[in-house]
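Everything on this sheet refers to the single structure shown next.
The values are calculated or read from the model by the stated rules, or taken from the named source; none is laboratory data. Every value quoted in this text rests on a predicted model; they were computed, and no experiment measured them. All Cβ positions, even for glycine, are placed from backbone atoms using ideal geometry, and neighbour counts span all protein chains on display.
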Protein chains: 2
Amino acid sequence: MGAPPGYRPSAWVHLLHQLPRADFQLRPVPSGFAPREQEYQQALLLVAALAGLGLGLSLIFIAVYLIRFCCCRPPEPPGAKSPPPGGGCVTWSCIAALLVGCAGIGIGFYGNSETSDGVSQLSSALLHANHTLSAIDHLVLETVETLGEAVRTELTTLEEVLEQRTELVAAARAARRQTEAVAQQLRGLAFWQGVPLSPLQVAEDVSFVEEYRWLAYVLLLLLELLVCLFTLLGLAKQSKWLVIVMTVMSLLVLILSWGSMGLEAATAVGLSDFCSNPDTYVLNLTQEETGLSSDILSYYFLCNQAVSNPFQQRLTLSQRALANIHSQLQGLEREAVPQFPSAQKPLLSLEETLNVTEGNFHQLVALLHCRGLHKDYGAALRGLCEDALEGLLFLLLFSLLSAAALATALCSLPRAWALFPPSDDYDDTDDDDPFNPQESKRFVQWQSSI
Amino acid sequence: MGAPPGYRPSAWVHLLHQLPRADFQLRPVPSGFAPREQEYQQALLLVAALAGLGLGLSLIFIAVYLIRFCCCRPPEPPGAKSPPPGGGCVTWSCIAALLVGCAGIGIGFYGNSETSDGVSQLSSALLHANHTLSAIDHLVLETVETLGEAVRTELTTLEEVLEQRTELVAAARAARRQTEAVAQQLRGLAFWQGVPLSPLQVAEDVSFVEEYRWLAYVLLLLLELLVCLFTLLGLAKQSKWLVIVMTVMSLLVLILSWGSMGLEAATAVGLSDFCSNPDTYVLNLTQEETGLSSDILSYYFLCNQAVSNPFQQRLTLSQRALANIHSQLQGLEREAVPQFPSAQKPLLSLEETLNVTEGNFHQLVALLHCRGLHKDYGAALRGLCEDALEGLLFLLLFSLLSAAALATALCSLPRAWALFPPSDDYDDTDDDDPFNPQESKRFVQWQSSI
C-alpha cells in the first residue's frame, strides 16, 4: 500500500547540495543543514560574499575600461567628421544589453511569482495542519465533556432509579467506571494541548516576511525596467542628461543586483541543504520547540509502515471500553426496563450519547492518523523545496542577466554618449526640423554609427 | 470545528458566471453548467463565434484602411522629397504595437504556465484520491484474508484442542462467528471495488490533453515572438522582403490569435459555470459513472456536519465485534490455558491477529473518513477553478493584446514600407557607406519620418 506520493528532493537540490562549502579559513564544511553552527553560517556568508567579489570585479573592470577609453583615445584630427571606429558596435551592444536586461526582468517576475506560490503553499499547509491539530483538541474536549455530562446526569439518575437491585446498580457503576476510563484515555489523545508552538503563528510569520520579500523584488524589477526603458529612450532621443542620469541609476541597480544575487545564492544553497534531508532537522527542531515525544513526531513526519501509531494502545483501549459500555447498557435495558420503566429514559439518552461518542471516536481516529498531517508536511516541503527553490533559481538567473546587462551598458553608455552631437550647437538650432543641414548631418553621423 | 478550509468560487468565477448567455436563436440560456444540453452548447459556441466576428471585423477594418491608403493617396508632386505627412506616426505606432505584442507574449507565457500548474494540481489530486481508494480496497482485502486465515487455522485448532469442554468450544465458536461477522462487515467497506471509474485513468487523460495544449500555446507564443522580432528587424534594416513576409505571417498569427481567443473565451465561460457550483454536477456525474449510492458520494463531496458517515453503522458493528472477540479470547485464556496448555499457542496467535486487525481497522477508519478524499476534491477544484481559470484569463489577455497589436501592425506595416527608399536605387549604390549623398538623404528622410 505504501505512503501516498510524498516529497522527493529534486535534481536542483542534489546539484546545489553537492557544491563544496568552506568557512572563512577555507576549511571544508560538511553540507548538512545546521543553521546554528558557526562554521555553516560562515559557509553561507562566504557564498554571499562571492557576489560581493563579483560586484568588486565588475566595478574594477568597468572603471579600467572607461579610464582606458577616456585617456587612451587617439587624438581626433581637427575637422574630421568620421565617428570613432567601433561606434556602431558600441551603440548596438548597449541596446542588446538592455534587451537582455528586459528579458531578465521577465524571468525575474516569473521567479518572484513562483517563489511566492511556493511560500504560500507552505503557509496553506501550515494552516491545514493547524486546523487538524485544533480539531483534535476540540473534538477530545467536546467528547470528554459529553461523557462527563452523561456520568453526572444520566448514570446518576440510573443508579438512583435502580438502587433497589444491587446487581443492576453494580452494572451501572461498571458502566460509569468504563465511561470515566474512556474519558481518561481520550484526554491523553489531545497531544497538542498546551504545546507552545502554533503552526498558525508560523504561517502568519512566513506570510508576513514573504509579503515584504515579494514587494522588494517587484520594486527592484520595476526600477530596473524603468532604467532599461529610459536608457533606450535616452539613446533614441540622444538626450545626454537622460543618459547620464540613467548611467548613475544603472550603477545603483548593478549594486542592488549583485546584492540580491548574493542573498539568493546563499538562500538557495542553504535551502538545498535543508531540502536534501529535511526530516531529521524538522523532527529535531519540532521536538525542541514542542517537547513532544519523538515517537509521536516520527509517526507524523515519517508516516511509513516502520513507525507504529503511538496512539494505537489508547485507541484500542477506548474502543474496547466503548464496546463494553454498549453491552452493559444493552444488558441493563433487557433486565431493568421491564421492572423500572423510569430507567428507560436515561438509558436511551445514554445510548444516544454512546452513538455520538462512537462517531466522534471514528473522527478522532481519522484525525489522529498520520496521513492527513503527513500530507500537509509533504505539501509544505514541496512548496518550499520545489516551487520556492525553483523561483529562487529563476531570480538568481535574473540577477545574473541583469548584472551582465548593466555592466555591459555601463561600459557602452559613456562611449555611445560620446558619439552624440555636442550639445552646444544642439541647443542653438531648431530641434524639430529634420531638414536643417546640421540636423541631417547629425543624423547621418549617429545613424552611421549604428 | 467546521470543515477544513476548502474551495470557494473566486470573484472571476462570479463575474464570468453572471454574463448573459444565449443560444443560436438569441433566446437567453440559464448559466448553470450543463454541457450535454444542446442550448448550453449553443451558448458556448456563440461565445466562441464572437471571436470569429471580431476576426471578421478586424480584417474588414484592415482591408478598408489599406485600400483607402493605397487608392486615396494624394498624388506626390514629382521631385518633392518630403515624406507623406504622418509617416513618423505610422512607424512609431508600428513599433509600439509590436512592443505591446511582445508584452502580451510575456503575459501569455505566464498564463500558459499558470494553466499548466492548475491542471497538474488537478491530476495530482486525482492521483492522491486514487491512492486513497486503492489503499482502502487493499486494506480491506488484506484484513479479510488475515481474519479468514485465522478462522481456518487457529480457531479450528482451538476448537479441536478444547473439544472435551463444550462451554469452551461454544466460546470459541462464538469468537469464530464474530470474526466472520467482522470480515463480512469489513468486506462491505471496500466501496470502490468493481467501480468502472478510475481516477488514475482520468488523471492520465487530463495530463495527456494538457501536454498538447501547453505545447500548442508555446508554439503559438514562439511564432508570435519571432514575427515581432523579425518585423522589428525588417523595420530597422528597412528590408522590404522581410517586412512583406512578416506582414503575411502577421496575418496568419492574427487569425490564430482570434481563434485561440474564441476557444479561451468559451472555455473560461464554461469553466466559470462549472466552478460557481461544482458539487451538484460532479456528484451527479460521479453517480452516473460509478453507480455508487448518493449518501456515500455526498459524504465525500460535501464532507460537512450535515452529512453523516455512511459507514458509521458498519464501523461501529465491526468495532463492537472486535471488542467482543477480545473479551472472549481473554476469557478463553483464563479458563482454558491452565487445563489445555496446547491452547496457548493458537490463542496468542489469535490475539496477535486481533491486534493487527485493530491497527488495520483504525487505518481503515482514517482512510474512509471524508477529510482525506474531500481535501483532494478541494485541491482539484482549486487547481481547476483558481489557477487554471486565472491562467486562461491571462491567455485571453494575451490573445486580445496580440490581436490588437497585430491589427495595428498590419495597418501600419504597408505604410511604413511605403516610406522605405525605393529598392532600385537602393541596390545600385554602396550600402555600407553612410556618407554617400544618396544614403544620407535616405537616412534623413527615414529618420525625419520617425
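Here are the numbers for the structure shown:
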read-out: So residue B:124, is it within 12 Å of chain A (Cβ to nearest Cβ), in contact (Cβ under 8 Å) with a residue 12 or more places away in the chain, assigned to a helix (DSSP H, G or I) and closer than 30 Å to residue B:258 by Cα; value: no
read-out: Selection count, the range B:139-172, where residues are closer than 17 Å to residue B:340 by Cα and either among the basic types (Lys, Arg) or assigned to a helix (DSSP H, G or I) (or both); value: 16
read-out: Where residue A:123 falls short, out of the listed (1) modelled with pLDDT of 90 or more; (2) in contact with a Leu (Cβ under 7 Å, 6 or more places away or on another chain); value: (2)
read-out: Sole residue being in a helix (DSSP H, G or I) and free of Cβ contacts under 8 Å to residues at least 12 places away in the same chain, chosen from B:184, B:178; value: B:184
read-out: Filter pass, residue B:416 being at pLDDT below 90, surrounded by 14 or more Cβ atoms within 10 Å (Cβ to Cβ), among the hydrophobic types (A, V, I, L, M, F, W, C) and touching a helix residue (DSSP H, G or I) at 6+ places or on another chain (Cβ under 6 Å); value: yes
read-out: Checking residue B:339 against (1) more than 14 Å from chain A (Cβ to nearest Cβ); (2) free of Cβ contacts under 8 Å to residues at least 60 places away in the same chain; (3) not in a helix (DSSP H, G or I), the condition it does not meet; value: (2)
read-out: Flag if residue A:186 is at negative phi, surrounded by fewer than 17 Cβ atoms within 10 Å (Cβ to Cβ), modelled with pLDDT of 90 or more and within 40 Å of the chain's Cα centre (by Cα); value: no
read-out: Residues (free of Cβ contacts under 8 Å to residues at least 40 places away in the same chain and within 19 Å of the chain's Cα centre (by Cα)) located in the range A:9-33; value: A:11
read-out: Among the residues listed as A:285, A:221, A:225, the single one being without any contact (Cβ under 8 Å) to a residue 60 or more places away in the chain and within 28 Å of residue A:121 (Cβ to Cβ); value: A:285
read-out: Residue in the range A:354-374 that is aliphatic (A, V, I, L, M), more than 35 Å from the chain's Cα centre (by Cα), in a helix (DSSP H, G or I) and closer than 30 Å to residue B:316 by Cα present; value: yes
read-out: Candidates B:369, B:362 - the one that is more than 23 Å from residue B:169 (Cβ to Cβ) and in contact (Cβ under 8 Å) with a residue 60 or more places away in the chain; value: B:369
read-out: Yes/no for residue A:272 being surrounded by 17 or more Cβ atoms within 10 Å (Cβ to Cβ) and either under 30 Å from residue A:372 (Cβ atoms) or of a type outside the set (Asp, Glu) (or both); value: yes
read-out: Any hit, the range A:285-296, residues being closer than 27 Å to residue A:47 by Cα, more than 14 Å from chain B (Cβ to nearest Cβ) and within 22 Å of the chain's Cα centre (by Cα); value: yes
read-out: Options B:365, B:356: the member that is crowded, with 22+ Cβ neighbours inside 10 Å, aliphatic (A, V, I, L, M) and within 14 Å of chain A (Cβ to nearest Cβ); value: B:365
read-out: Flag if residue A:43 is surrounded by 13 or more Cβ atoms within 10 Å (Cβ to Cβ), away from every other protein chain (no Cβ under 14 Å), at pLDDT 90 or above and not in a loop (DSSP other than H, G, I, E, B); value: yes
read-out: Tally of residues being among the polar types (S, T, N, Q) and modelled with pLDDT of 90 or more across the range A:295-308; value: 1
read-out: Qualifying residues in the range B:392-402 (those that are more than 12 Å from chain A (Cβ to nearest Cβ) and under 17 Å from the mean Cα position of the chain (by Cα)) - the one farthest from residue B:17 (Cα to Cα); value: B:395
read-out: For residue B:344: the one exception among (1) in a helix (DSSP H, G or I); (2) at the interface with another protein chain (Cβ under 10 Å from one of its Cβ atoms); value: (2)
read-out: Out of A:117, A:137, sole residue that is over 19 Å from residue A:190 (Cβ atoms), at pLDDT 90 or above and either out of contact with any helix residue (DSSP H, G or I) (no Cβ under 9 Å at 6 or more places or on another chain) or facing chain B (nearest Cβ under 10 Å) (or both); value: A:117
read-out: Residue that is farthest from the other protein chains (Cβ to nearest Cβ) [pool: residues in the range B:306-327 that are in contact with a Gly (Cβ under 9 Å, 6 or more places away or on another chain) and surrounded by fewer than 19 Cβ atoms within 10 Å (Cβ to Cβ)]; value: B:314
read-out: Any hit, the range A:262-274, residues being hydrophobic (A, V, I, L, M, F, W, C) and over 18 Å from the mean Cα position of the chain (by Cα); value: no
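This table checks each residue for (1) within 18 Å of residue B:117 (Cα to Cα); (2) surrounded by fewer than 16 Cβ atoms within 10 Å (Cβ to Cβ); (3) among the hydrophobic types (A, V, I, L, M, F, W, C).
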| site | (1), (2), (3) |
| --- | --- |
| B:211 | yes, yes, no |
| B:216 | yes, yes, yes |
| B:244 | no, yes, yes |
| B:248 | no, yes, yes |
| B:256 | no, no, yes |
| B:261 | no, no, yes |
| B:266 | no, no, yes |
